[in-house]
Amino acid sequence: MRALISKSHLSGTVTAPPSKSYTIRGLICAALTNGTSELVNPLLADDTLACLNILRQVGIYVNQQDRRWQITSGNFHSPQTDLFCNESATTLRFMTAVCSLVPGNCRLVTGPSLAKRPVGTLIQALRQLGVDCASNGNVAPITVSGGLRGGTAELPGDISSQFVSALLMIAPLAEEGITIRLTTPPESKPYILMTLDCMGEFGIKVTASQDLGHFQITKQAYQPAEYIIEGDWSSASYPLALGAAGGSITVPNLNPDSQQGDRVILDLLKAMGAQVKIGHNTICAEKAKLNAIQADLTDYTDLLPTLAVLAAVARGTSHFTGIERARIKESNRVAALREGLAKMGIKVKETANSLSITGGTPQGALIDSRQDHRIAMAFSLLGTIAGATTIEDAECVSKTYPEFWNMLKSIGGEVKLNGQQSG
């Protein structure tokens, strides 16, 4: 599907969708209890459905109602078929660890993009804890045959915080308890804090060093809970950026005190000169003359596409560092941004771990989203400013924000999908 975007005058209210990261963490923690839990306001999207469907295959009962999912757990069983993670890296990494608790053999398979992303470090860490598991070199498919004993796992912290989170979530169920030591400083620390926060809601206590480089987890039981999913700051960055660059957008359902690292978008928008008003769980961003910024995105790499397109219309040259891991997301986002911005007439300079963008007047162009939801959503912002912009594979937004195109239309976005006027 293609999205054809014309110049648009934007204003209105957009409710932030529920957090993908908290929804998946809530599903996993609920599955590890012995009883029935409820997830309130979960996100229904490709990534969360991948996790939910796999849990069903290994014996977890899920009753999906409109805004409440009931998860009943207690007896894992061996799956009858491969466990398909689709393109959800969170699901792949977390469920690889969870499968160490499932009787019999589990084989986790993925979509083509996720099949390129590394898992070898997680496999090595699980083996240190007694788990019988293997991968296809450094990537999926992954086979797991149980055997979680416990003990000590050492792994680098600068490859993926998901590896650390995966180990943390299964640690309370290991016979011997688990110690996790990171051999390099952790990146994306906020995601580790989100995991600890979610585990705490289900009754688990973790002893963590201040720098999040060392964790001690004793044997414990997860307790069933009613778990309320807050709004997603990563997804909310797009309507907030739309407001800052071209209109006035109010976004309810956001917790300004959230553990989500991407709430830093508020500080970054302010640093660029945007008019940002913070209310009770509501943020309003209004159009302003934006200025270039310098930002280290080591802990917030998912914000790179949003900030890159804002930099394209800001005065001066913005410089973003700490972006190397953005190359191994759903696409090589650094290359995708450089290519797309260049097509739109924006000057970009790329190094291994930095991206410099000189603001200008973007021109309409055909943008290859590389089937990456964040690339598609980010370039839609420039499309509303430049006009005459086409986003290829626009359906990829369903990974985390299925209502994105409807959202854009609802605030005045001039969008055609597959050539049909809508909005």
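The values are calculated or read from the model by the stated rules, or taken from the named source; none is laboratory data. Small disclaimer: the values here were computed from a predicted structure and weren't measured. Cβ coordinates were reconstructed from backbone atoms using ideal geometry, including for glycine residues, and neighbour counts include every protein chain displayed. Accessible surface is based on the protein model in full, side chains and every heavy atom, while ligands, DNA and RNA are left aside. Shrake-Rupley method; radii C 1.70, N 1.55, O 1.52, S 1.80 Å.
Compute all pairwise cysteine Cβ distances in the chain, then list the cysteines with no distance under 4.7 Å to another cysteine.
Cys with no partner Cβ under 4.7 Å: Cys29, Cys51, Cys85, Cys133, Cys198, Cys284, Cys396.
Choose one of Gly231, Leu108, Ser6: the residue whose Cα lies farthest towards the positive end of the charge dipole of the chain (beta-carbon charges +1 Lys, Arg; -1 Asp, Glu; about the Cα centre).
Ser6
Roughly how many whole Å is it from the C-alpha centroid of region 374-411 to that of region 235-269?
The two parts, judged by their Cα centres, are 16 Å apart.
Please report the net charge: other residues with Cβ closer than 15 Å to the Cβ of Ala388, K and R +1, D and E -1.
On the way: positive: Arg2, Lys7, Lys343, Lys416; negative: Glu392, Glu414.
Charge balance near Ala388 sits at +2.
If I model a spin label at Glu154 and Asn75 as a point 7 Å from the Cα along the Cα→Cβ vector, what separation in nanometres do I get?
So the two model labels end up 4.2 nm from each other.
Viscosity 1.567 mPa s, temperature 4 °C: what is the translational diffusion coefficient of region 19-80 from Stokes-Einstein with a Kirkwood Rh over Cα pairs, rounded to a whole number of µm²/s? Write out the running numbers ahead of the final one.
Numbers: Rh = 11.4 Å.
Estimated via Stokes-Einstein, D reaches 114 µm²/s.
Tell me the carbon and sulfur percent of the accessible area for region 153-233, rounded to whole percent, probe radius 1.4 Å. Please list the in-between numbers first.
Numbers: 1520 of 3170 Å².
Solvent-exposed carbon and sulfur of region 153-233 make up 48 percent of the total.
Quick query: amide H of Gly59 versus all other amide H atoms, modeled in the peptide plane; which residues come in under 5 Å with a sequence gap of 5 or more or a different chain?
Amide H neighbours of Gly59, under 5 Å, 5+ apart: His77.
With Cβ to Cβ distances under 11 Å as the rule, what net charge do the other residues near Ser188 carry (K, R +1; D, E -1)?
Working: positive: Lys189, Arg325; negative: Asp158, Glu187, Asp262, Asp299, Asp302.
Value of the local net charge: -3.
For a quick check: with amide H placed at 1.01 Å from N, whose amide H comes under 5 Å from Gly387's, ignoring anything fewer than 5 positions away on the same chain?
Lys7
Just one of [x] 37, 22, 20; [y] 48, 24, 19; [z] 37, 26, 21 is semi-axes √(5λ) of the Cα gyration tensor in Å calculated from these coordinates, so which is it?
Here the calculated entry is [x].
Where only protein heavy atoms count, and the probe is 1.4 Å, what is the accessible area per residue for region 144-290 in Å²?
On the way: 5540 Å² over 147 residues.
Spelled out: the 1.4 Å probe surface of region 144-290, per residue, equals 38 Å².
Through the Karplus equation 6.51 cos²θ - 1.76 cosθ + 1.60, θ set to phi - 60°, convert the phi angles of region 220-233 into ³J(HN,Hα) values in whole Hz; use x for Gly and Pro.
Karplus-based 3J(HN,Hα) across region 220-233 equals 8, 10, 5, 9, x, 8, 9, 10, 8, 8, 7, x, 9, 5 Hz.
Return the equivalent ellipsoid semi-axes of region 228-341 as a descending list in whole Å, where each equals the square root of 5 times an eigenvalue of the C-alpha gyration tensor.
Numbers: eigenvalues 96, 63, 26 Å².
In descending order, the three semi-axes are 22, 18, 11 Å.
In terms of Cα to Cα distance under 20 Å, which lysines are near enough to Lys347, apart from those fewer than 8 places away along the same chain?
Lys289
Using a simple charge model, +1 on the beta-carbon of Lys and Arg, -1 on the beta-carbon of Asp and Glu, nothing else, what dipole does the chain show about its Cα centre, in debye to the nearest 20? Don't jump to the answer; show the numbers that get you there.
Numbers: 36 positive and 36 negative charges, 153 e Å.
I would put it at about 740 debye.
Sorting check: for 211-221, 35-45, which peptide has the highest mean count of neighbouring beta carbons within 10 Å, and how do the rest follow? Kindly include the intermediate steps, with their values, before the conclusion.
On the way: 211-221: 16.0, 35-45: 19.9.
For the peptides 211-221, 35-45, the packing ranking is 35-45, 211-221.
What is the Å³ per residue value for the convex hull set by the Cα atoms of region 118-212?
Details: hull volume 8.9 nm³, N = 95.
Dividing the Cα hull volume of region 118-212 by its residues yields 94 Å³.
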